[in-house]
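Enquirer: Okay, handing you the structure first.
The values are calculated or read from the model by the stated rules, or taken from the named source; none is laboratory data. In this text, all values refer to a predicted model and were calculated from it rather than measured experimentally. Reconstructed Cβ throughout: ideal geometry from the backbone, glycine too, with neighbour counts over all protein chains shown. Each accessible area value is taken on the protein alone, full model and side chains, heavy atoms only, with ligands, DNA and RNA left out. Shrake-Rupley method; radii C 1.70, N 1.55, O 1.52, S 1.80 Å.
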Amino acid sequence: MVPVFAVLIAASVLMVMHYRQERANERNLAEALDRTAALARSYARDVAAAPNGLPGQEAVRDVAERHDGRLLSYARSDYSLTTTVRFFGEYEDTSMFGVSHSRAYQCYSIVLRKGAEGAPQVRTSPLEKCNVI
């Protein structure tokens, strides 16, 4: 009878530990995705603040790399610039076997349009899939 109770207690402790680890991993992933959103906003501000209007592709690529991003697409016209950038946030993924470092990726479409007074207006939208290359 005692071994059965010991097994039940051990199993319940393992289940509780697994549940807590899963919730912590979900929180860590959500925080990493929040960091990607902050990186996208920061990237958009830097691109909008570029001198001489809308920057070229190499300048945009450099700004993306400074913000842990990778430029996936670039489309420019006289009055607008549309880019797709993949950003990542690192987080810790915990399991019973230890801690591993993972990355959460999120793509954003950033559209800059010149307003009536010449200042760019920025729209940043998260994308469901990063299939633009």
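Enquirer: Can you tell which of A44, A50 is in a helix (DSSP H, G or I), at negative phi and open to solvent by less than 50 Å² (accessible area, probe 1.4 Å)?
Expert: Numbers: A50 fails: in a helix (DSSP H, G or I).
Residue meeting the stated conditions: A44.
Enquirer: Has the range 79-102 got at least one residue that is over 30 Å from R23 (Cα atoms), among the small types (G, A, S) and not in a strand (DSSP E or B)?
Expert: So far as the range 79-102 goes, no, none of its residues is over 30 Å from R23 (Cα atoms), among the small types (G, A, S) and not in a strand (DSSP E or B).
Enquirer: Another question about this same structure. Would the range 16-33 turn up any residue that is surrounded by 10 or more Cβ atoms within 10 Å (Cβ to Cβ), over 22 Å from the mean Cα position of the chain (by Cα) and hydrophobic (A, V, I, L, M, F, W, C)?
Expert: So far as the range 16-33 goes, yes, one or more of its residues are surrounded by 10 or more Cβ atoms within 10 Å (Cβ to Cβ), over 22 Å from the mean Cα position of the chain (by Cα) and hydrophobic (A, V, I, L, M, F, W, C).
Enquirer: Between S73, S95, S77, which is touching a residue at least 24 places away in the same chain (Cβ under 8 Å) and over 20 Å from K129 (Cβ atoms)?
Expert: Only one candidate qualifies: S95.
Enquirer: Further question on the same structure: From the residues in the range 98-131 that are in contact with a Lys or Arg (Cβ under 9 Å, 6 or more places away or on another chain) and open to solvent by 90 Å² or more (accessible area, probe 1.4 Å), which one is modelled with the highest pLDDT?
Expert: Once the filter is applied, the top-ranked residue is Y105.
Enquirer: Within the range 53-97, can you find the residues that are open to solvent by less than 70 Å² (accessible area, probe 1.4 Å) and of a type in the set (A, V, I, L, M)?
Expert: Listed by number, the residues that qualify are L54, A59, V60, V63, A64, L71, L72, A75, L81, V85.
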